[in-house]
1. Can you bin every Cα-Cα distance in the stretch 80-136 into 10 Å intervals starting at zero and give me the percent of pairs per bin, rounded to whole numbers?
2. Can you pull the semi-axes for the stretch 29-68, root of five times each eigenvalue of the Cα gyration tensor, sorted largest first, whole Å?
3. Show me 20-27, 106-113 ranked by packing, highest mean number of other Cβ atoms within 10 Å first.
4. Report the dimensions of the stretch 24-138 along its three principal axes from the alpha-carbon atoms, largest first, rounded to Å.
5. Distance from a point 7 Å along Cα→Cβ of residue 135 to each backbone N in the stretch 112-129: keep the residues under 16 Å and list them by number.
6. If you find the alpha carbon centre of the stretch 66-91 and of the stretch 1-25, how far apart are they in angstrom?
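The numbers here are math on the coordinates, done by the rules we state, and not lab data. All values derive from a computational prediction rather than experimental measurement. All Cβ positions, even for glycine, are placed from backbone atoms using ideal geometry, and neighbour counts span all protein chains on display.
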């Protein structure tokens, strides 16, 4: 490739709602944290080293009887989302948070595999908080 010598039209998408093919035999529920598995397919949120945070499910998709890629799920990419947590404190606002499961996040000392999901934007209680997922996207 060479550098540009003139203007060009570059394809663009907003990226706020992205469609990702789902792994075989998986159900992803609306509002769940969604991950990319090691093969690049969507799977429900989990604290697994082979996974990378993808976003938050816009809809429920049941691919329990399908092969990998048979169905896709749309996920929100940037934004603030409220999820469950445990033992959270106001002092953690601004800290990176990590996926626990498809509806729970942790701070670093509670996580096993440190799969980033975003920064704590708003402390609501010791059991709930708002995550800015933009900072957790790969």
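1. Reading upward from the zero bin: 30, 65, 5.
2. Gyration-tensor ellipsoid for the stretch 29-68: 16, 14, 7 Å.
3. Highest-to-lowest ranking by the protection proxy: 20-27, 106-113.
4. The Cα atoms of the stretch 24-138 stretch 44, 24, 20 Å along the principal axes, largest first.
5. Those under the cut-off are 115-124, 129.
6. Each part reduced to its Cα centre gives a spacing of 22 Å.
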